[in-house]
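For reference, the structure is listed below as structure tokens.
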Amino acid sequence: MKSERLRIGISACFMHKDPQRAIFKGKTLLYVEESLAHWVMRLGAQAFMIPSVATGGKVELSEYAAALDGLVLHGGADVAPESYGEKPLKDEWKGDRVRDLYEIELFKAFKAAEKPVLGICRGAQLINVALGGSLYQDINTQIDKSLVHRDWNVYDQNFHEIKFKHGSYLEKVFGRGSFRTNSVHHQALKDIGDGLTVEAISTEDNIVEGIKYQGVPYICGVQWHPEFHDDEDNALLSGDPLLKDFMQECEVRRTELKMSQR
């Protein structure tokens, strides 16, 4: 008998109300970036965008945590400095506080349900903030001798080398050595959240590139976008080991829950 497909939730990106937008004028839009959804489905899982819920409505985000097998926190807009107790140093770095509140609640719901969580780029930063950590609002103005981690003109074709901490969980997943990844972020992890360990760093400037939660459930975050890597470019780190590891954890947790319900 063919096994039931895993059901993986993806947090939504927000396009807030814009009275000048030609389509859905003045309405808030929720969306996922196509390549992330396709990456999540790469090993046969079903992908579901999790919408925000109405305040005082009949549906709660905890119900999605109960219904789904795991969560992927999407990349996208900056995390708002207010979400980690700071004020934005520049107006363009004010981030998306509305989305932060939604994703922090979503993250906590999956954590409480002991369902696996994987954070991609902003998602890794959100995990850190949700667990009490903080961020550099802008790498190049706050960290001396840092690389350019976000170049709008080349976007996901901006690359650098990373390495995994010796003996770390992610080193076991990917292997030992130096690896090339994309870099599409100008914020970075500063103070590390409760229960998290640094798993990977940028080799030239020590920017945090990977984190892992040391308790239950499985919670992992990476600063690069594995879904943007070209499968035919052998110079780039394949995202398949990470995706496979995450899906295996989702499968294990689903089996545990089924056994407990018998």
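Quick notes on this one:
- Complete set of residues in the stretch 135-166 that are part of a helix (DSSP H, G or I) and acidic (Asp, Glu): Asp156
- Per-region count, the stretch 30-58, residues at pLDDT 95 or above, farther than 16 Å from Glu103 by Cβ and not in a helix (DSSP H, G or I): 4
- Filter result (touching a strand residue (DSSP E or B) at 6+ places or on another chain (Cβ under 9 Å) and among the acidic types (Asp, Glu)) within the stretch 205-232: Asp205, Glu209, Glu227, Asp230
- Which numbered condition Arg42 fails, given (1) more than 27 Å from Glu249 (Cα to Cα); (2) touching a residue at least 60 places away in the same chain (Cβ under 8 Å): (1)
- Enumerated helices (runs of 4 or more DSSP H) restricted to the stretch 61-134, each holding at least 2 residues that are polar (S, T, N, Q) and touching a strand residue (DSSP E or B) at 6+ places or on another chain (Cβ under 8 Å): 122-130
- Every pair of residues 6+ apart whose Cβ atoms lie under 7 Å, when the first sits in the stretch 90-102 and is farther than 14 Å from His74 by Cα and of a type in the set (Gly, Ala, Ser) while the second is at pLDDT 95 or above and outside any helix (DSSP H, G or I): Gly95/Ala77; Gly95/Asp78; Gly95/Val79; Gly95/Ala80
- For Glu33, the conditions (1) in contact with a helix residue (DSSP H, G or I) (Cβ under 9 Å, 6 or more places away or on another chain); (2) surrounded by fewer than 17 Cβ atoms within 10 Å (Cβ to Cβ); (3) closer than 27 Å to Asp240 by Cα are fulfilled apart from (2).
The values are calculated or read from the model by the stated rules, or taken from the named source; none is laboratory data. Every value quoted in this text rests on a predicted model; they were computed, and no experiment measured them. Neighbour counts are summed over all protein chains in view; Cβ atoms, including those assigned to glycine, are modelled from backbone coordinates with ideal geometry.
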